[in-house]
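The values are calculated or read from the model by the stated rules, or taken from the named source; none is laboratory data. Owing to the predicted nature of the structure, the values given are computational and were not obtained by experimental measurement. All Cβ positions, even for glycine, are placed from backbone atoms using ideal geometry, and neighbour counts span all protein chains on display.
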Amino acid sequence: MVKVILLDIDGTLTRDRDTEALEPEAITAVQGIVGRYVVGLATGNALVVTQALARYIGLPRGSPLIAENGCLVDYNGEINELCEDLNLRDVALRLMKVIPGLRPTYQFNYRRFDVTLWAPDEPYDLVNTVKMELRKMNLEGKVRVSHSGYALHLQPINSSKAVGIKYVCNAMGVDCSDVAYIGDSDTDIEAVEVVGYGVAVSNATDELKKRARIVLEKPSGKGVVEFIRYYLPRL
């Protein structure tokens, strides 16, 4: 039985995967289940962005918020750090000097553990290039490199949204099998595998759809509406 619903933001609560504009229908649907379920966010965004969105979406104070891809958890007014501090902003600055086109995201200065960069290159090629440079810095095996479809992420190797979700489940006294998670990208793979109900929107990456328990017929925010209105009452 679903007791907790955790939502990714970019590509999931938005209108599509190529925009940061929120889907109004998804926000309305989420507001409609607040009070009946514990609803939280699990995102790669900086904590301050996650906190602000939670407030404006209408989530109650103290709702579980997982930021920086599992490195920071804000629950019941307490913020907990779950990742090793590798000073990855300095690493990112070094990478920007050797890889043309890399530049800080607007959240760069507000992030501590999971650092994000924008770049024009094809995501998978970029990830491989960054990994090569990290080897030269003797950071192979210490830094995890991924691309959310929005930005390049650098984070400690053992960090993930799944780590944050396990922490939240323990803090709430809820089994992870009673959690539903909705996402859209490869950074959500471990999250959908650790919960009882891993959900992928229809425009999610192929790899995420392979791992999800439920693949929705509608994309991004419309998919969130579909899950809430048609799947959730049956779970």
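With respect to GLY40, is the statement that it is touching a strand residue (DSSP E or B) at 6+ places or on another chain (Cβ under 8 Å), within 18 Å of VAL195 (Cβ to Cβ) and modelled with pLDDT under 95 true? Judged against the criteria, GLY40 is not a match. How about the range 203-220: which of its residues are in contact with a strand residue (DSSP E or B) (Cβ under 6 Å, 6 or more places away or on another chain) and outside any loop (DSSP other than H, G, I, E, B)? Across the range 203-220, the qualifying residues are LEU208, LYS209, ILE214, VAL215, SER220.
Among the residues of the range 115-130, those identified as touching a residue at least 12 places away in the same chain (Cβ under 8 Å) and either on the phi > 0 side of the Ramachandran plot or exposed (fewer than 14 other Cβ atoms within 10 Å of the Cβ) (or both) are PRO120, TYR124. Has the range 56-65 got at least one residue that is of a type outside the set (A, V, I, L, M), at negative phi, not assigned by TED's automatic domain parsing to the domain that holds PHE113 and not in a loop (DSSP other than H, G, I, E, B)? The answer is yes; a qualifying residue exists. In this structure, ALA191 qualifies as part of a helix (DSSP H, G or I), small (Gly, Ala, Ser) and touching a strand residue (DSSP E or B) at 6+ places or on another chain (Cβ under 9 Å). Among the residues of the range 44-102, write down those that are polar (S, T, N, Q), within 18 Å of ASP8 (Cβ to Cβ) and in contact (Cβ under 8 Å) with a residue 60 or more places away in the chain. Hits for the range 44-102 are ASN45, ASN69.
Within the range 81-129, being in a loop (DSSP other than H, G, I, E, B) and more than 14 Å from LEU154 (Cα to Cα) holds for LEU82, ILE99, PRO100, GLY101, TYR106, PRO120, ASP121, GLU122. Counting only residues that are buried (at least 17 other Cβ atoms within 10 Å of the Cβ) and either among the basic types (Lys, Arg) or free of Cβ contacts under 8 Å to residues at least 40 places away in the same chain (or both), the range 215-230 holds 3 of them. On the stretch given as the range 128-140, residues that are at pLDDT below 90 and of a type outside the set (S, T, N, Q) total 1.
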